[in-house]
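Asks: This is the structure, below, for whatever I ask next.
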Amino acid sequence: MGRDAPKRAALLGVLVNAALAIAKLTAGIVGHSFALVADATESLVDIAGSGLVWAAFIYGDRPADEDHPFGHGKIEAMAGMAVSLLVVGVAVWIAIEAVHFIMVPHAMPRPFTLAVLVVVIVVKEIMFRVARHAARKSGSTAGHAEAWHHRADAITSLFAMVGISIALLGGPDWAPADDWAALAASAVILINGLLIARLPFEELMDRHLPEIADEAERIAMAHPDVRRIERCDARRSGRGYRIVMHTEVDPEMTVEASHRLTGVVKEQIRGALPGVDSVLIHIEPHHPAPDLTPHAEPKPERTAASGSTGMFSDD
């Protein structure tokens with residue numbers, strides 16, 4: 001259930017953003033507020049982003065096939081990057097238009113636009129918390145991107161509310177405060193777009209996840225026939241993790257016994273770490289370094305079946 005939570009949050013985001021975009025765009029045009037129009041534009045981007053993320057979740061859930069033996073989870077990171085590019089693009093557009101309106105005199109914003117923004121801020125903050133909770137439960141990078149997109153929208157709406165308030169309190173001479181608010185919001189949107197790209201970029205670059213690798217290594221070392229973990233690498237793929245582990249065992253262990261060992265260790269890791277989708281275990285012979293310390297007591301070796309070693313994949 002937890003891994004489907006971001007999918008449901010993304011679909012909810014599409015519906016909520018559509019309603020908010022219509023309300024803000026209408027209020028911004030009728031109420032003469034470019035800050036509100038800019039906010040509505042970002043909500044339209046939110047709709048595209050939420051739809052893109054939701055579609056990525058659907059595609060990413062497809063099982064592995066002949067052309068994609070490692071599954072389709074990477075599409076979620078690609079969707080996260082696409083969302084970040086959309087956010088950066090709308091930030092640049094808002095900045096350009098805000099500068100234009102600052103230089104060109106226009107009508108004062110209407111008071112009712114403030115009420116619209118209060119509702120928007122409350123709703124977007126709720127959406128941020130819902131999407132973030134869902135993303136944390138599933139470990140989805142696309143879900144995290146979606147959540148912070150909601151938070152950025154709430155912040156830009158807050159900027160718009162401040163700008164409109166200043167314009168209304170200051171009179172016609174302060175009318176450009178609305179446009180300055182839009183310009184300030186564009187900076188926040190730009191920074192958020194760059195931050196959104198961080199997690200998807202790390203996933204696409206197969207960044208090592210030491211916390212997952214260390215826990216998998218601890219679990220493997222608890223098995224009595226595992227002598228040493230030479231190395232353990234972990235990376236994210238969609239809402240799951242993939243682990244590659246080099247495990248040292250008794251050189252006399254048979255191939256059959258080694259194969260059984262990898263199966264047991266794999267099940268133990270998956271049982272303790274439900275987010276792990278696959279574990280690849282490479283078996284290697286264990287040759288302890290000679291102890292050159294004078295009068296040192298010999299270290300006991302664990303017993304194992306006799307035979308040869310090999311490589312075993314446990315996907």
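No lab work stands behind these numbers, since they all come straight from the coordinates. Predicted, not measured: the structure shown is a model, and the values here were computed from it. Virtual Cβ from ideal backbone geometry, glycine too; neighbours counted across all protein chains shown.
Asks: For the pair R129 and R62, how long in nm is the line joining their label points, each one 7 Å along Cα→Cβ?
Replies: 3.8 nm
Asks: Be a star and scan region 85-107 for residues whose amide nitrogen sits under 20 Å from the point 7 Å along the Cα-to-Cβ vector of D173.
Replies: Taking a point 7 Å out along Cα→Cβ of D173, the residues of region 85-107 whose backbone N falls under 20 Å are 102-107.
Asks: Could you give the angle, 0 to 90 degrees to the nearest 10, between helix 5-30's Cα long axis and the longest principal axis of the Cα atoms of the chain?
Replies: For 5-30 against the chain, the angle is about 10 degrees.
Asks: Something else about it: Arrange the following residues from fewest to most other Cβ atoms within 10 Å of their Cβ: I269, I22, I164.
Replies: Sorted ascending by nearby Cβ count, the order is I22, I269, I164.
Asks: Taking the structure as given and computing semi-axes √(5λ) of the Cα gyration tensor in Å, which label from (i) 56, 18, 14; (ii) 47, 31, 16; (iii) 43, 26, 15 fits?
Replies: Recomputing semi-axes √(5λ) of the Cα gyration tensor in Å here gives the entry labelled (i).
Asks: I would also like to ask the following. Residue by residue through region 221-235, which ³J(HN,Hα) values in whole Hz follow from phi under the Karplus form 6.51 cos²θ - 1.76 cosθ + 1.60 (θ = phi - 60°), with glycine and proline marked x?
Replies: 5, 6, 6, x, 8, 8, 7, 6, 9, 5, 6, 9, 10, 9, 9
Asks: So, R0 is 35 Å and r is the distance between the beta-carbons of A222 and A55; what FRET efficiency does that work out to, to 0.05?
Replies: Numbers: r = 41 Å, r/R0 = 1.17.
E between A222 and A55, to the nearest 0.05, is 0.30.
Asks: Normalising by the residue count of region 130-280, find the relative contact order in percent from Cα pairs under 8 Å and 6+ residues apart. Intermediate values should be presented prior to the final figure.
Replies: Values: 178 pairs, mean separation 27.5, N = 151.
It comes to 18 percent, rounded to a whole number.
Asks: Same structure again: Net charge around V30, counting only other residues with Cβ within less than 13 Å of its Cβ (Lys, Arg = +1; Asp, Glu = -1)? Mind dumping the intermediate values first?
Replies: Details: positive: K24, R110; negative: none.
Summing Lys and Arg as +1 and Asp and Glu as -1 gives +2.
Asks: I want the antiparallel fraction of DSSP beta bridges within the chain, as a percent rounded to 5.
Replies: Counting DSSP beta bridges with both partners in the chain, the antiparallel share is about 60 percent.
Asks: Among all lysine pairs in the chain that are eight or more places apart or on different chains, how many have alpha carbons less than 19 angstrom apart? Display every interim value, and only then the final one.
Replies: On the way: K7/K74; K7/K124; K7/K137; K24/K124; K74/K137.
Lysine pairs meeting the criterion: 5.
Asks: Next question. What three numbers, in Å, describe the spread of the alpha carbons of region 112-174 along their principal axes, ordered from the longest?
Replies: If we take the Cα atoms of region 112-174, the spans are 50, 16, 9 Å.
Asks: Continuing with the same structure: Enter the angle in degrees (range 0 to 90, nearest 10) between the Cα long axis of helix 112-138 and the first principal axis of the Cα atoms of the chain, meaning the one along which they spread out most.
Replies: On a 0 to 90 degree scale, this one is about 0.
Asks: Turning to a different aspect of this structure: Anyone know which of D67, D179, D214 comes out most mobile in the 10 Å Cα GNM of the chain?
Replies: Highest fluctuation among the options: D67.
Asks: Would you order S165, S258 from fewest to most other beta-carbon atoms within 10 Å of each residue's own beta-carbon?
Replies: On the way: S165 19, S258 26.
Fewest-to-most Cβ neighbours within 10 Å comes out as S165, S258.
Asks: Compute the angle between helix 255-272 and the longest alpha-carbon principal axis of the chain, please, reported from 0 to 90 degrees and rounded to the nearest 10.
Replies: Here the helix axis deviates by roughly 30 degrees.
Asks: Most exposed first by the Cβ proxy, i.e. fewest other Cβ within 10 Å, how do K24, K74 rank? Can you show the working numbers first?
Replies: Details: K24 30, K74 19.
Listing K24, K74 from fewest to most nearby Cβ atoms yields K74, K24.
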